[in-house]
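> Pasting a structure below so you can have a look.
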Amino acid sequence: MTHRIILFRGMNTGGVRAPVGEQRVMAEAMGLKNPRTLLASGNLVVESDRDPAALETDIELEMKRRFGIKVAAMVRTSEQWAELIAVNPFAREAADQPAKVLAMVMKDGIKAGALEACRALAEGGEAVEGRTGPGGDVLYFWFPNGQGESGIFKKATPRMLGMGTGRNWNTVLKLGEMVDV
């Protein structure tokens, strides 16, 4: 069995709530092995050989059935996560200020025009790059003044970017450690 990283979009924000202990119970009931959570913000790691896309669908259906919430799930293998880390275009910034670099894992790709739209919203040295490859589609953001002060973060929407969920670089690396990357 190999690892699967399951990221939930918007977990524990805006009324989307599923306690982490109950997420682990749900994962076990679904036949997923060794479920572990990181923080209370929608990070679940399991062991499974299930296809990531099929697991996304199954997890979303079970979250709706069990918790009554509609939440988008993005599933990545440990190999995909290693690729996500390896191709970070803001590696220098991430090494110096990991909380100011964000990787947004996209569910169905980066929407056409998303990079240009984000760049138009950028303020104070902010930058965004997109990567498509074996690790899946990812938008990488550099927020030199912090995400809370970001022109991009305050104005960009899923309609503009596509469906995704972001994790700061500290969380990206902790999830990598959990799957031996």
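> Residue by residue through segment 145-162, which ³J(HN,Hα) values in whole Hz follow from phi under the Karplus form 6.51 cos²θ - 1.76 cosθ + 1.60 (θ = phi - 60°), with glycine and proline marked x?
9, x, 5, x, 9, 7, x, 5, 5, 6, 10, 6, 10, x, 4, 7, 9, x
> Please report, in debye to the nearest 20, how large the charge dipole of the chain is about its Cα centre when each Lys and Arg carries +1 at its beta carbon and each Asp and Glu carries -1 there.
Result for the chain is approximately 580 debye, rounded to the nearest 20.
> Can you flag which of Lys64/Lys174; Lys33/Lys111; Lys33/Lys154; Lys107/Lys174 are past 31 Å Cα-Cα?
Beyond 31 Å between Cα atoms: Lys33/Lys111; Lys33/Lys154.
> Based on the Kirkwood radius over alpha-carbon pairs, what value in µm²/s does the Stokes-Einstein equation return for the translational diffusion coefficient of segment 80-178 at 37 °C and 0.692 mPa s?
Taking Rh from Cα pairs, D becomes 247 µm²/s.
> Need one number: the % of Cα-Cα pairs in the chain sitting beyond the 23 Å mark.
The calculated P(r) of the chain puts 39 percent of pairs beyond 23 Å.
> Would you mind checking which residues have amide H under 5 Å from Ala72's amide H? H placed 1.01 Å from N; only 5 or more apart, or other chain.
Hits under the 5 Å cutoff: Arg9.
> Moving on. Which residue fluctuates the most in the chain, going by a Gaussian network model with Cα springs under 10 Å, if the choices are Leu121, Leu32, Leu161?
Maximum fluctuation in the GNM of the chain, among the listed residues, is at Leu121.
> How large is the dipole of segment 1-60 about the Cα centre if only Lys and Arg carry +1 and Asp and Glu carry -1, each at its Cβ, rounded to the nearest 20 debye?
With Lys and Arg at +1 and Asp and Glu at -1, about 240 debye.
> Report ³J(HN,Hα) in whole Hz for each residue of segment 122-136, in order, from the Karplus equation J = 6.51 cos²θ - 1.76 cosθ + 1.60 where θ = phi - 60°; Gly and Pro get x.
Karplus-based 3J(HN,Hα) across segment 122-136 equals 4, 9, x, x, 5, 8, 9, 9, x, 9, 10, x, x, x, x Hz.
> Further question on the same structure: Using all alpha carbons of segment 2-77, what is the percent of pairwise distances in each 10 Å bin, ordered from the shortest bin to the longest?
21, 63, 16, 0
Here, each number is a calculation from the coordinates, and none is a lab measurement. Source: prediction; values computed, not measured. Glycine also receives a Cβ, built like all others from the backbone with ideal geometry; neighbour counts cover every protein chain displayed.
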